[in-house]
1. Averaged per residue, what accessible surface does the stretch B:35-244 expose to a 1.4 Å probe, in Å²?
2. What per residue convex hull volume, in Å³, comes out for the stretch A:108-258 when only alpha-carbon positions are used?
3. For the stretch A:80-136, which trypsin sites (Lys or Arg not before Pro) pass both filters: DSSP loop (anything but H, G, I, E, B) and at most 13 other C-beta atoms within 10 Å?
4. Starting from 0 in steps of 10 Å, tell me what percent of the Cα-Cα pairs of chain A lands in each bin.
5. How compact is the stretch B:155-203 by the rule of thumb for globular proteins, expressed as Cα Rg over 2.2 N^0.38 Å?
6. Could you give me the ³J(HN,Hα) list for the stretch A:68-85, computed from phi with Karplus coefficients 6.51, -1.76, 1.60 and θ = phi - 60°, whole Hz, x at Gly and Pro?
7. Within the stretch A:1-18, name every residue whose backbone N is under 16 Å away from a label modeled 7 Å from Cα of A:Gln67 along the Cβ vector.
8. Which stretch or stretches of the stretch A:37-60 have amide N atoms under 15 Å from the point lying 7 Å from A:Gln25's Cα along the Cα→Cβ direction?
Amino acid sequence: MGNVSLVDISKRFRLTIDGSEQFVQALDHVSFTVADGEIAMLIGPSGCGKTTALRIAMGLDQATSGQVLVDGREVKGCGHDRGMVFQHAELLPWLSAVDNVKFGLEMKGMRGGELKDTAMRYLDLVGLAGSAQRRPHQLSGGMKQRVGIARALAIDPKVLLMDEPFGALDAQTREAMQAELLDIHARTRKTIVFVTHDLDEAVLLADRVFVMRNGRLQEIIEVPLPRPRGDLGAIRGLSAFAETRYKIWQALHAEAAS
Amino acid sequence: MKMPRWLITTISVVIFLAFWEFFGRDINPIFGSYPTAIIAAFIKLAKSGKIWVALFQSLQPFVIGYLLAIVVGVPIGLVVGRFRVAEAALGIYVTAGYAMPLVALVPLLILWLGLGFAVKVAVVFLMSIFPVCINTWAGVNAVPVSLIEVGKSLVASDATILRRIILPATLPYIMAGIRLAVGRAVVAMIIAEFFTAISGLGGIIIQSANNFDTATMFVPVVILMVLAIGLNSLIVWIERRVAPWQAEIAGRSE
Ligand SMILES: Nc1ncnc2c1ncn2[C@@H]1O[C@H](COP(=O)(O)OP(=O)(O)OP(=O)(O)O)[C@@H](O)[C@H]1O
Ligand SMILES: [Mg+2]
């Protein structure tokens with residue numbers, strides 16, 4: 001099991017600009033449930049609250065009101081039932097790739113030989129067993145991102161929260177990573193909440209796409225593509241791909257007044 | 001071809017010494033001195049054994065006070081930087097302590113601790129703890145929140161975050177503070193010896209100054225500077241060992 005729900009979540013940030021207090025309504029009564037094993041994509045214009053939603057789901061930010069449920073039970077703060085993949089990987093620069101993965105496992109209480117084996121297994125899963133001893137600055141952007149994914153996967157969370165994990169990558173690396181993620185998903189059946197700006201990425205990966213605007217959930221669009229998705233290049237040629245992509249595009253460009 | 005760094009340094013030092021030697025010879029030996037005269041004075045002091053005794057007398061409290069400052073200063077800096085309450089409660093003393101005119105307080109310290117070993121340790125400690133503290137503190141504040149959030153998202157405890165994320169991320173700042181402290185510790189040692197008994201390298205400086213023996217006075221001064229340079233390189237070397245990623249990231253590795 002591993003479904004995650006935001007129930008009526010609102011988030012108001014307070015900030016002081018030139019001494020005067022201002023409020024930003026980042027999330028405005030957002031509710032959604034991502035089912036066990038589902039991949040849900042959050043998409044929407046910059047500043048619409050995607051990162052905030054993910055951070056609240058992770059427990060890194062506190063909602064002003066509303067609840068986060070994992071498997072129907074309310075969670076407060078961070079937990080090993082959820083794992084976060086950050087936009088810029090956020091590896092600890094003084095640790096090698098394998099030690100970064102080990103770090104997460106140690107936080108979960110794992111010790112001894114099991115630690116090394118598990119860390120290596122997950123590095124292998126993301127195709128980085130050969131670079132285990134390299135430190136982050138000796139890895140490419142895509143490799144760093146994969147270590148970040150391995151670190152989150154290794155603690156075996158029910159839910160994987162990913163904030164534009166491929167946003168900083170070039171198109172080719174990005175496509176390779178998308179295929180890899182689908183592959184990992186097929187093997188682990190993790191529940192994934194994934195933030196993206198990329199329409200193609202949303203359609204290729206998602207079961208459902210959540211379109212957000214101004215801190216609200218505007219529309220939910222089903223992706224009628226079968227799993228496993230197989231060759232992502234071929235999927236791009238399907239009419240269902242183009243139609244879904246167009247639907248999302250329309251939702252993104254619809255007047256906010258609706 | 002690029003000239004190696006040590007060669008540039010050596011050439012610079014040789015030129016400096018040559019100028020000093022050349023112009024220094026024209027100065028009245030009471031008002032100044034020059035390298036060969038200082039070397040001669042050093043040989044005399046070394047033969048009599050006086051300089052080694054003094055060096056030992058000075059180095060002992062120096063090393064103890066300096067190490068104590070690191071051992072105490074780093075944890076204080078970490079805690080002050082990490083915890084809001086500690087920052088509000090203790091930060092002000094660290095900032096004030098850094099600017100403290102310690103010279104003025106040495107007589108008071110002598111009243112408390114006497115004229116011997118303890119007061120020297122105390123003065124060195126008080127002079128060097130604050131740069132260590134302040135740098136550690138600044139380093140903690142410079143740790144990216146995103147790295148701390150990595151720890152939080154993995155459900156690390158506060159203590160674990162401090163030890164496994166903040167401490168390593170702050171290490172380059174700590175090492176910089178420790179390096180800054182070398183200079184202050186050397187000055188502190190001499191100040192202490194000026195005020196307290198006529199002992200150690202500071203004692204030699206005072207004695208020879210009173211005798212208008214300027215060349216001899218320069219011997220401890222030069223020894224102290226060489227000592228500081230040596231310590232500095234030692235610290236840089238240690239830094240490369242404990243925080244190699246820093247040099248690699250900054251592209252300074254050679
Ligand atoms: N710590 C904060 N303090 C104040 N305001 C914030 C904070 N974090 C986010 N906001 C505001 O909340 C709103 C939503 O921000 P959020 O980062 O969730 O957007 P986003 O959808 O992830 O945007 P992007 O696509 O650019 O990453 C924005 O208006 C932003 O300015
Ligand atoms: Mg964002």
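1. 46 Å²
2. 133 Å³
3. Answer in residue order: A:Arg111.
4. Taking every Cα pair in chain A, the percentages come to 7, 30, 35, 22, 6, 1.
5. On the way: Rg = 18.4 Å, N = 49, 2.2 N^0.38 = 9.7 Å.
Against the empirical 2.2 N^0.38 Å value, I get 1.90 for the stretch B:155-203.
6. 10, 10, 10, 6, x, 9, 5, 10, 10, x, 7, x, 6, 6, 10, x, 10, 10
7. Correct set: A:3-10.
8. So the set is A:48-49.
The values are calculated or read from the model by the stated rules, or taken from the named source; none is laboratory data. Keep in mind that what you see is a predicted model, and the values were worked out from it rather than measured. Every residue, glycine among them, receives a Cβ derived from its backbone with ideal geometry; neighbour counts consider all protein chains shown. Please note that ligands, DNA and RNA were not included when accessible areas were found on the heavy atoms of the full protein model with its side chains. Shrake-Rupley method; radii C 1.70, N 1.55, O 1.52, S 1.80 Å.
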